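So the structure is just underneath, and the comments pick up after that.
The values are calculated or read from the model by the stated rules, or taken from the named source; none is laboratory data. Model, not experiment: these values are computed from the prediction. Please note: Cβ atoms are built from the backbone with ideal geometry, for glycine as well, and neighbour counts cover all protein chains shown.
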Amino acid sequence: MPTVARYPRLFSPLRLGPVTVENRVVFSAHLTNYAEDGHATDQHAAYYEARAAGGAGLIITEEHSVHPTDWPYEKLIHGFSPSVIPGYRQITDAVHAHGTPIFAQINHNGGQASSMYSRLPVWAPSSVPDPLFREVPKELEVREIAEIVAGYALVAGHCRQGGFDGIELQCSHSSIVRGFLSLATNHRTDDYGGTLARRARLLLEIVAAVRETIGRDLALGVRLCGDELIEHGTTIDDAVEVARMVEATGQVDYVNTSIGVATATLYMIEASMHVPPGYAMFIPSAIRKAISLPVVGVGRFKDPLQAERALDAGHCDLVGVVRGQIADADFVAKARSGHVDDTRLCLSCNQECVGRMGLNRWLGCIENPRTGREAERGRWASAVALVDRPQRVVVVGAGPAGMQAAIAAANRGHRVTVIERDPVPGGQVRLAATVANRAELGDVIRNQVTECRRAGVTMRYGEEASVDSLRALRPDVVVVATGSVPERPWWVPQVDPSLAEAPGALVVDVTDVLAGRAAPTGRVAVFDELGFHQATSVAELLADRGCAVEVITPGMVVGQDLGITLDLEQWWMRASAKGIAQTTDTLVMGAGPCADGRPGLALQLVHHPTGGSELREVDWLVLCVPAAPADGLWRACRDAGIRVERVGDCVAPRRIHAAVVEGQRVGERL
Amino acid sequence: MKLLEPLRLGNRTAPNRIVFGAHETNLGRRRALSERHVAYYERRALGGAGVIVVEDASVHPSDWPYERAPLASACAPGWRTIVDACAAAARGEGVRPLVLAGLNHAGSQGSSAFSQLPMWAPSRVPDVATREVPQAMEPDEIAAVIAGFAEAARGALAAGCDGVDVNVGQFSLIRQFLSGLTNQRSDEWTGSDGGHDDGLRLRFAQRVLAAVRDAIGPDAVLAIRLSCDELAPWAGIVADVGALVAAALAETVDAITVVRGSIFSTGATRPDGHTEPGFNLGLVAQIREAVTAVRPGVAVVAQGSIVEWGQAEWALGGFDDPARADAVEMTRAQIADPDLGAKVAAGHADRVRPCLLCNQKCQVRDGRNPIVSCVGEPRSGHELDDPDPCAGVDIGVDIGEGTGRTAGAPRDVLVVGAGVAGLECARVAAARGHRVRLVERSSGLGGSVRTAAAGSGRSRLALIADWLEAECRRLGVTIETSSEIEPGLVERIAGDHAVVLCTGARPGLRPYAGTSPPSTGGAPARGSGGASSSGSSGVVVWSASDLLATERRSPTGTVRGLDAALPEGPVVVWDPVGGPVAVSIAELLASRGRQVTLVCPDFTVGTQLSLTGDLAPANTRLLQAGVALVKRSVLRSLGTTGVVVEERYTGLTTVIACAALVDCGTLLPDDALWRATGERHPRAGDAVAPRTIHEAILEGRRAALALDGPGA
């Protein structure tokens, strides 16, 4: 078996109390926003089932709330209501059908919440407002602490009735137990505050109450935070000590780990591609040295080899792979069967998984159009059902939209050819991935090319398509995915070819810089109307090359949408270190020659809140502005009577996910 | 009274001129109207609304602007139930409000997050908020949307609606076609039909309205909500153009609600209290003049923060002034008090619960899907969840809360603290027949709300305190001010009195060096109501509430004022919260000529203001006032001549020179009396956890209802 040879530890079974897992890959708890009216849905069942079918060793569901005072986000499962049990049963039946164990995570988010949904005071150890929600909580009365403990026991009972194989107590990230453990949030002077032992009292009471409810047939785990990364927060020494206390109860079967506080340092919990894989390994490593219970490690595990190595090095006994299995539900099965190269690698882009959670939207995946839609079973059945009469499909453009359309069409049995003008696939993604720290974005191209190959798509590079060349291929249908072209705002001066140094020639598009067609030097202004990675990427690239860079945006923040992908904080750190200036609330309204014959470009800036204007002399201006759809071929085909569809940026220039879902939608329905 | 005169719309008659306009509620179930919608509108029908416009429904699947946005094809059952419920709720024949279905397509101002489809728009102009490039509509897509409007209108009529209200306002595809900001096409869809100037870009609007009129027939009401000033004169619709557009579209419609705003001014249609009530009335008058000149029968409806019946009456030509409008949209006023119409009709206009124009709970265009509600009337939007505190009161006979209805056995109730929590508790308890004694330590009623109202642009907050105080007095609550309640007294009377503690807040922790070390529990002494400084720092520290309190009139009629309170020199405002308080203080200080620096931990100032629509306006006002904004920074310590702040993501520290620091951090509950009396008496509001008016009123009311036992 190639599996045993390559990943001997990953595929060795392990006992977690009464439960045996067949491999060490855990689909650990994470929010999905699939709940409706406080209940699990068909989508939950279908989502977890897909990962069970894909070989996950253990699935741990998203959290279930133990008390009505806990309702920090709209789509939380209200575990305290007995009406959740049928939904639990639906999930566990679906997962058990594949022989996979599944645990339920139960939790009270404590002060990391607001009263927006509950209309009740938020409960916390002390009256310390959460850094995100900023609502002063009610300092728990002792009888209310007992109510919370009883809530954990109640919900554990619901989970047992619902068919779960184990319970995980969320005591990290966002949790009232975390709140009690941490000096940052626990200022109590009674028996629940002060020393670590007293701060851990709530945890130990909950462990005892839950174990009493579930008996010995179910596993019980505790998820601890190893470093909150906040002032006065829990650090690794405290975490190790708490892990020892947990083990000493004799009631707990495993310890899961995490890093960060969800409402303060989320960017380190669900770290994007800018943070090295394995960054949180020190936590399970330290805990595992102190206790003998199995320990789960997490933190951007992208491929099975990395997981195998962490196990081999003794850092942990199991690895949490969440985003990896969001991107590819068959992550484990592909590793087991020796098809690891077919894995759709997670990009750690955070755009449609993590990024949608904070926006109260259902969890998806930038490159996996099925994620979040698993319950549309009919759709996926038909999307892979072979058509009776295969057609000749020609896709023009090998960016994410075109390749996804090709994959979807080929999976239905159509004969698909992709024609790409460039010598290589990927379109603009290829450019975006050239920038330092953004290389992993390029995995989407690798993943799609792999999938195209597997699906039997013919790829033809270096070929410009036209109506005539397409006709010559006698396609039944053409899918145009020709992307976009840069557009220059009205105020950019015309380029006079006779004057190399004319102002217009000093204004370039971000894609020109990334593709190497332009190499700005000296003082560079980056004007950003997109608010995403384009401007920050090119700014870093140019700063690394020694340019003096200033990013100018009409928005209130440079890189506004980096907040959604948890990249904003670290962009600031890097930008500050690189000396990149950031100018907000400002429009560029003109660009002309500098006065007195000085070289470069004089930009006319307007600070729109105050109307104040100033001139800024720079050597280059890089534009990050909306592009124009390259829809000429689509129009030409339509006018020529060719059956034609269009997908991606040539419809409207947007982000990768829009291209992928559009490619899938069109490709599967040809 | 003009406001109460019937209004003819097409061939139908509204019983009065008070309109409950279309607005987002998040009450829906998936994309259908829900039973919560029904209860919400029914309550306004019961309370005397003249016209009710149901939340806009998307007319085509290409439009899914927010998660709970109704979809017209899923709305028929909801429309029918709402129409029936409103008819049944209205008291008596001929007073049934007209029910119109709001219809819209948000175009490029929508979202692709839920549909996972490209957004449709006249041209590929990205919306300012999302920056997402929309798809320029092809001719077949334009035809599909026009057909969608007609189909939706037909469905609304079939469900019993009196007509439809088509959105051509601030968030609408039709307006996007009318405007040079968003319609940059080069085809026929920049033109106009019927001999109108092509520069007006009327064609899409005309075709939609013609199709809708065709679908609903001549007798049903066709209303539009029209942005007549996009506040973007460089390319948008300006008032003079808006008048031409309104006059042209008046050919087809029965009513035009005049609004303003567009892609660059999303908060301008329904701004908070920083904008004057009735701000739109000049524009309304101009539009009405233009419309009346071509088609006098068309009703022009005024919109724009009109929340007082007097202003509404004046806009309609009351008080011997010329009429500016034929009806008045008073949406927020009826969220604050669903009985607005009934109270005015019964001669009790003074008893209308005021709208504070705070937008804190009623503005719900937010990804978190908050339910529409009101800080002063928490039952709004929760008609099915919350008991009516005055259930059983026949407001047709005696309007409003408080008819001396006895709920079970009347009890003696002591309410300690007359902030809004205590006032609401006393009001509801008294209305339900209890004998209530309300005791306040300070010399006046209203507590911290009156203090907050001293902040710039927040004066209307005080109205809720005024109203609660007046209601308490009307209901016979025994009120004692300047009276401290000792724990011993509570213990003595607790045997035969119910006691509710609404004792408010005390100063919060100051976790920076140079002040007293952070408390780790216990009950520190109550703030003295003044400044403090300690150690070697020369910087005087004020809490936000103490500083604002200096702006309030004392019982002797004097105002100390913050100028007198603060030492001369620059002031730093420290805002770890991001709410309205620090912004209002910084503005107030700047308006007094102070050099002000606002320090906050976030990437923008006032992060929590996104919900009220004041985030961008607040930042603009601060910048225009010359307030220096220091973001992403935390306050570390007080120095001798200034404060030390640290940039959060770089660790770099700087000293900001200042004479005074205003700390806008959160407060702690003042629970000393609760602790001293056995931790057993119910609390409400800030005494539980210092929060906002909404929580204080909600909990004060719940405490009053709980006097009758559980389930009351």
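For (1) within 13 Å of chain A (Cβ to nearest Cβ); (2) out of contact with any strand residue (DSSP E or B) (no Cβ under 9 Å at 6 or more places or on another chain); (3) assigned to a helix (DSSP H, G or I), each residue gets a yes or a no:
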residue: B:Ser73; (1), (2), (3): no, no, yes
residue: B:Pro77; (1), (2), (3): no, no, yes
residue: B:Ser108; (1), (2), (3): yes, no, yes
residue: B:Pro126; (1), (2), (3): yes, yes, no
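Residues are listed down the side, and each one gets a yes or a no for (1) farther than 30 Å from B:Asp193 by Cβ; (2) in a loop (DSSP other than H, G, I, E, B); (3) among the small types (Gly, Ala, Ser):
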| residue | (1), (2), (3) |
| --- | --- |
| B:Gly236 | no, yes, yes |
| B:Glu251 | no, yes, no |
| B:Val258 | no, no, no |
| B:Ile263 | no, yes, no |
| B:Arg270 | yes, yes, no |
| B:Glu276 | yes, yes, no |
| B:Leu283 | no, no, no |
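Of all the criteria given as (1) in contact with a Lys or Arg (Cβ under 9 Å, 6 or more places away or on another chain); (2) surrounded by fewer than 22 Cβ atoms within 10 Å (Cβ to Cβ), the one not satisfied by B:Asn167 is (2). Just one of (1) within 13 Å of chain A (Cβ to nearest Cβ); (2) at pLDDT below 95 fails for B:Asp686. It is (2). Set side by side, the residues B:Ala101, B:Ala136 differ, and just one is among the small types (Gly, Ala, Ser) and under 30 Å from the mean Cα position of the chain (by Cα), which is B:Ala101. Got at least one residue in region B:656-665 being free of Cβ contacts under 8 Å to residues at least 24 places away in the same chain and not assigned by TED's automatic domain parsing to the domain that holds B:Ala429? No: zero hits. Sub-7 Å Cβ pairs linking a first residue in region B:116-129 that is closer than 22 Å to B:Ile146 by Cα to a second residue that is surrounded by fewer than 19 Cβ atoms within 10 Å (Cβ to Cβ), at least 6 apart or interchain, are B:Trp120/B:Glu141; B:Pro122/B:Arg185; B:Pro122/B:Trp189; B:Ser123/B:Gln184; B:Ser123/B:Arg185; B:Val125/B:Gln184, ordered by first then second residue.
Every residue, every condition in (1) more than 17 Å from B:Arg30 (Cβ to Cβ); (2) in contact (Cβ under 8 Å) with a residue 60 or more places away in the chain, yes or no:
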residue	(1), (2)
A:Ala5	yes, no
A:Ser12	yes, no
A:Gly17	yes, yes
A:Phe27	yes, yes
A:Asn33	no, yes
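Here the condition is being modelled with pLDDT under 95 and assigned by TED's automatic domain parsing to the domain that holds B:Arg594; of B:Gly639, B:Gly626, it holds for B:Gly639 alone. Remark: B:Thr653 matches the filter, which requires a residue to be free of Cβ contacts under 8 Å to residues at least 24 places away in the same chain, away from chain A (no Cβ under 11 Å) and over 30 Å from B:Leu414 (Cβ atoms). Just checking, which of B:Gly48, B:Gly21 is farther than 16 Å from B:Ala223 by Cβ, assigned by TED's automatic domain parsing to the domain that holds B:Gln311, crowded, with 23+ Cβ neighbours inside 10 Å and of a type outside the set (A, V, I, L, M, F, W, C)? Exactly one of B:Gly48, B:Gly21 is farther than 16 Å from B:Ala223 by Cβ, assigned by TED's automatic domain parsing to the domain that holds B:Gln311, crowded, with 23+ Cβ neighbours inside 10 Å and of a type outside the set (A, V, I, L, M, F, W, C), namely B:Gly48.
Of all residues in region A:100-114, those satisfying the criterion of being within 14 Å of chain B (Cβ to nearest Cβ) and crowded, with 23+ Cβ neighbours inside 10 Å are A:Gly110, A:Gly111, A:Ala113. In region B:570-582, the residues that are within 14 Å of B:Asp602 (Cβ to Cβ) form Cβ pairs under 6 Å with partners that are modelled with pLDDT of 95 or more and among the hydroxyl-bearing types (Ser, Thr, Tyr), at six or more places apart or across chains, as follows: B:Gly578/B:Thr607.
Wholly within region A:401-487, which helices (runs of 4 or more DSSP H) include no fewer than the required count, namely at least 1 residues that are over 30 Å from A:Arg389 (Cβ atoms)? Step through it out loud before you land on a result.
Working: elements: A:427-432, A:443-455, A:467-472.
Answer list for region A:401-487: A:427-432, A:443-455.
Residues that are within 28 Å of the chain's Cα centre (by Cα) and either buried (at least 21 other Cβ atoms within 10 Å of the Cβ) or within 12 Å of A:Trp620 (Cα to Cα) (or both) within region A:512-523 comprise A:Val513, A:Leu514, listed in sequence order.
Being modelled with pLDDT of 95 or more, closer than 25 Å to A:Val21 by Cβ and in contact with a helix residue (DSSP H, G or I) (Cβ under 9 Å, 6 or more places away or on another chain) is the requirement here; does A:Ala156 meet it? Taking the combined requirement at face value, the residue satisfies it.
Within region A:123-149, restricting attention to residues that are under 20 Å from B:Glu679 (Cβ atoms) and facing another protein chain (nearest Cβ under 7 Å), the residue that is surrounded by the most Cβ atoms within 10 Å (Cβ to Cβ) is A:Pro137. Quick check on region B:468-489. Is at least one of its residues polar (S, T, N, Q) and buried (at least 21 other Cβ atoms within 10 Å of the Cβ)? No, region B:468-489 contains no residue that is polar (S, T, N, Q) and buried (at least 21 other Cβ atoms within 10 Å of the Cβ). Among the residues of region B:561-618, those that are over 24 Å from B:Val375 (Cα atoms) and among the polar types (S, T, N, Q) comprise B:Ser591, B:Gln595, B:Thr597, B:Thr604.
Filtered by the rule that a residue be hydrophobic (A, V, I, L, M, F, W, C), in contact with a helix residue (DSSP H, G or I) (Cβ under 6 Å, 6 or more places away or on another chain) and within 12 Å of chain A (Cβ to nearest Cβ), region B:582-606 gives a lone residue, B:Val605. For region A:647-670, a residue qualifies if it is among the basic types (Lys, Arg) and at the interface with chain B (Cβ under 10 Å from one of its Cβ atoms), and the qualifying residues are A:Arg654, A:Arg655, A:Arg665.
In the set (1) away from chain A (no Cβ under 14 Å); (2) touching a helix residue (DSSP H, G or I) at 6+ places or on another chain (Cβ under 9 Å); (3) assigned to a loop (DSSP other than H, G, I, E, B); (4) touching a residue at least 60 places away in the same chain (Cβ under 8 Å), the condition left unmet by B:Pro322 is number (4). Selection over region B:607-632 of residues that are more than 10 Å from chain A (Cβ to nearest Cβ) and within 22 Å of the chain's Cα centre (by Cα) gives a count of 6. Taking the stated definitions as given, is A:Ala40 in contact (Cβ under 8 Å) with a residue 24 or more places away in the chain, surrounded by fewer than 22 Cβ atoms within 10 Å (Cβ to Cβ) and among the aliphatic types (A, V, I, L, M)? For A:Ala40, the condition - in contact (Cβ under 8 Å) with a residue 24 or more places away in the chain, surrounded by fewer than 22 Cβ atoms within 10 Å (Cβ to Cβ) and among the aliphatic types (A, V, I, L, M) - is not met.
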